[in-house]
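Trainee: Take this structure, written in structure tokens, and hold onto it; I'll ask about it next.
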Amino acid sequence: MSLFKIPRATPPIILVGLLGSVVAVLFHHAIHFIHHSIWTPLAAGSLEDFAGIGFIVLTVAGLTNGWLLTKYAPEAAGSGIPQLKTAYRQNYGQISFRIVWVKFVAATLSVGRRIKPRTGRPIRATSWWTCFSFRTKTKAF
């Protein structure tokens, strides 16, 4: 007879924790890949290329997010906190995989397309002036 008995819910909880950790690491690496494959080469080029291509990248990423959320999972829009609360109350915490992958891809594109200044704080670069001010190291706002 064991002095310490593991509750039945413990292994699934550990599995969910490990899976969540793996997804968080994948999310971090996906954002890093998107950000560095777009902005690092543009920062080495001319100001005109940075502003022009940067504007196109921001527009395409925003339109892609809108298309994904409209076509595949409109319920994945927003922060997701109200949807998670509803899922816990009504569906025992179960969420469709369709919502999870759309949320993952849309969030990766949304965060990865942002320009990160030297301070480390992400800012949303939605205008030509923001791109220009980042490139010339002047204050945008």
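Trainee: Name the residues in region 41-85 that are within 18 Å of Phe104 (Cα to Cα) and of a type in the set (S, T, N, Q), would you?
Mentor: Within region 41-85, Thr64, Asn65, Thr70, Ser79, Gln83 qualify.
Trainee: Going by what's in this entry, would Thr59 be described as modelled with pLDDT under 85 and not acidic (Asp, Glu)?
Mentor: Details: modelled with pLDDT under 85: no; not acidic (Asp, Glu): yes.
Taking the combined requirement at face value, the residue does not satisfy it.
Residue by residue, here is whether (1) on the phi > 0 side of the Ramachandran plot; (2) touching a Lys or Arg at 6+ places or on another chain (Cβ under 6 Å); (3) surrounded by 12 or more Cβ atoms within 10 Å (Cβ to Cβ) holds:
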position: Arg8; (1), (2), (3): no, no, no
position: Phe33; (1), (2), (3): no, no, yes
position: Gly52; (1), (2), (3): no, no, yes
position: Ala73; (1), (2), (3): no, yes, yes
position: Ala77; (1), (2), (3): no, no, yes
position: Val102; (1), (2), (3): no, no, yes
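Trainee: Suppose we filter Val16, Val60 for residues that are surrounded by 10 or more Cβ atoms within 10 Å (Cβ to Cβ), under 17 Å from Gly112 (Cβ atoms) and free of Cβ contacts under 8 Å to residues at least 60 places away in the same chain; which single one remains?
Mentor: Only one candidate passes the filter, namely Val60.
Trainee: Let me ask you something else. Among (1) free of Cβ contacts under 8 Å to residues at least 40 places away in the same chain; (2) farther than 17 Å from Arg113 by Cα, which single condition is Val23 missing?
Mentor: Only one criterion is unmet by Val23, namely (1).
The values are calculated or read from the model by the stated rules, or taken from the named source; none is laboratory data. This one's a predicted model, so the numbers in the text were calculated from it and none came from an experiment. Cβ coordinates were reconstructed from backbone atoms using ideal geometry, including for glycine residues, and neighbour counts include every protein chain displayed.
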